[in-house]
Amino acid sequence: MERVGYIFFRLLQVLVGIIPFRVLYAIADIFAFILQYAVRYRGKIVYNNLRRSFPSKNQKELNQIMRKFYRHLCDILLESVKGYSLSVEEINKRYRCINPEVSNRYFDKGQSVIFALSHYANWEWGTQVAGNVFLHNTISFYKPLSNRYIDKYVCDQRESKGMLLCSIYQTKFIFRSEDKVPRAYFLVSDQSPGNKRNVHWMQFLNQDTACLRGIESYARLFDLPVIYLDIKRVKRGYYTIFLDVICDRPKDTLPGEITELYMKELEEIIVEKPEDWLWSHRRWKKKKPINALSDFKFGCYDAI
């Protein structure tokens with residue numbers, strides 16, 4: 001069955017690869033309509049997430065964001081598949097980093113960095129071109145796919161374009177290993193934590209939110225500057241990436257501070273254009289435990 005799934009994936013990739021972008025987005029519009037109104041893919045989750053995040057918005061405004069979100073979701077799904085058929089040069093024309101000199105300054109000092117991403121706009125193309133944009137050796141962590149053939153193909157494709165993919169189960173080992181060239185570690189941390197205990201609690205989009213502490217943990221342990229990758233959709237199929245240093249000296253920060261800086265930056269971006277975030281995630285499935293104490297020095301919550 002794994003081989004059958006792989007063959008289907010490769011056929012889909014070839015088909016999407018030959019379809020022009022204009023036609024691809026027309027197909028995306030059809031898929032978005034089907035996904036929202038016929039399949040009703042995670043409709044209640046999307047709506048409830050939006051309603052709790054934007055309590056001041058009326059029904060019409062929430063419905064409008066939902067429609068735009070489903071179109072965005074179908075766009076990035078098809079763009080991600082099509083990305084395997086595009087050359088690095090083609091993607092770079094559509095996916096442009098405005099200020100790569102921000103990270104290059106750390107490279108010149110021989111210093112590795114952490115690139116903090118979120119499930120916002122098209123984060124997938126970034127892993128396909130980062131190795132040709134930044135001077136650092138680029139490493140991205142991902143959860144291995146259940147289909148080993150597709151997993152190997154995806155890894156080979158990314159590595160052929162300069163990005164090393166490593167399993168999330170090897171994260172600690174990779175951070176502790178040595179490299180002659182400074183590294184840039186790509187970490188996505190806006191999903192719901194799997195572990196209830198080692199989390200950071202804070203107010204995010206008007207809700208008590210359990211936050212992953214991975215970025216902060218590795219930044220403080222290895223004293224790595226944290227740079228947020230602000231990805232914005234200019235128009236369909238075109239994006240800009242702005243690098244924003246959210247922490248230059250991690251060892252000087254308070255517990256929870258880097259996590260809050262990351263989440264607050266993401267919150268500002270979402271409020272500005274909410275439809276480009278992944279609202280179908282079960283982001284708030286964890287409830288704050290009664291033994292989560294408040295840290296009044298920084299206005300945060302850490303679970304005991």
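Listed values, structure above:
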| item | result |
| --- | --- |
| Among the candidates 115, 107, residue that is touching a Phe, Trp or Tyr at 6+ places or on another chain (Cβ under 7 Å), at pLDDT 95 or above and aromatic (Phe, Trp, Tyr) | 115 |
| Index of the failed condition, residue 75 passing every other in (1) farther than 26 Å from residue 2 by Cβ; (2) at pLDDT below 95; (3) under 18 Å from the mean Cα position of the chain (by Cα) | (2) |
| Residue match in region 97-111 (condition: over 29 Å from residue 204 (Cα atoms), of a type in the set (Val, Ile, Thr) and surrounded by fewer than 21 Cβ atoms within 10 Å (Cβ to Cβ)) | no |
| Count - residues of region 1-43 that are within 16 Å of residue 153 (Cβ to Cβ) and polar (S, T, N, Q) | 1 |
| Qualifying residue in region 145-153 (condition: among the basic types (Lys, Arg) and closer than 21 Å to residue 8 by Cβ) | yes |
| Answer residue from region 170-219, given it is under 20 Å from the mean Cα position of the chain (by Cα) and of a type in the set (D, E, K, R) and is surrounded by the fewest Cβ atoms within 10 Å (Cβ to Cβ) among those | 172 |
| Residue tally, condition under 23 Å from the mean Cα position of the chain (by Cα), assigned to a helix (DSSP H, G or I) and not basic (Lys, Arg), over region 46-61 | 6 |
| Residue ID - surrounded by the most Cβ atoms within 10 Å (Cβ to Cβ), chosen from residues in region 1-45 that are of a type in the set (Ser, Thr, Tyr) and under 23 Å from the mean Cα position of the chain (by Cα) | 25 |
| Residues of region 148-190 classified as more than 24 Å from residue 213 (Cβ to Cβ) and part of a helix (DSSP H, G or I), total | 13 |
| Hits in region 62-85 - residues which are within 30 Å of residue 156 (Cβ to Cβ), touching a residue at least 60 places away in the same chain (Cβ under 8 Å) and either touching a helix residue (DSSP H, G or I) at 6+ places or on another chain (Cβ under 6 Å) or outside any helix (DSSP H, G or I) (or both) | 72, 75, 78, 81, 82, 84, 85 |
| Among residues of region 207-226, those that are farther than 16 Å from residue 252 by Cβ and either polar (S, T, N, Q) or in contact with a Cys (Cβ under 6 Å, 6 or more places away or on another chain) (or both), counted | 2 |
| Region 239-261, residues that are over 16 Å from residue 102 (Cβ atoms), surrounded by 14 or more Cβ atoms within 10 Å (Cβ to Cβ) and touching a residue at least 40 places away in the same chain (Cβ under 8 Å) | 239, 255, 256, 257, 258, 259, 260 |
| Qualifying residue in region 113-129 (condition: over 30 Å from residue 4 (Cβ atoms), loosely packed, with under 14 Cβ neighbours inside 10 Å, β-branched (Val, Ile, Thr) and in contact (Cβ under 8 Å) with a residue 40 or more places away in the chain) | no |
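Residues checked against (1) closer than 22 Å to residue 72 by Cα; (2) in a helix (DSSP H, G or I); (3) in contact with a strand residue (DSSP E or B) (Cβ under 9 Å, 6 or more places away or on another chain):
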site	(1), (2), (3)
193	no, no, yes
227	no, no, yes
242	yes, no, yes
268	yes, yes, no
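The values are calculated or read from the model by the stated rules, or taken from the named source; none is laboratory data. This one's a predicted model, so the numbers in the text were calculated from it and none came from an experiment. Positions of Cβ are generated from backbone atoms using ideal geometry, with glycine treated the same way; all protein chains shown enter the neighbour counts.
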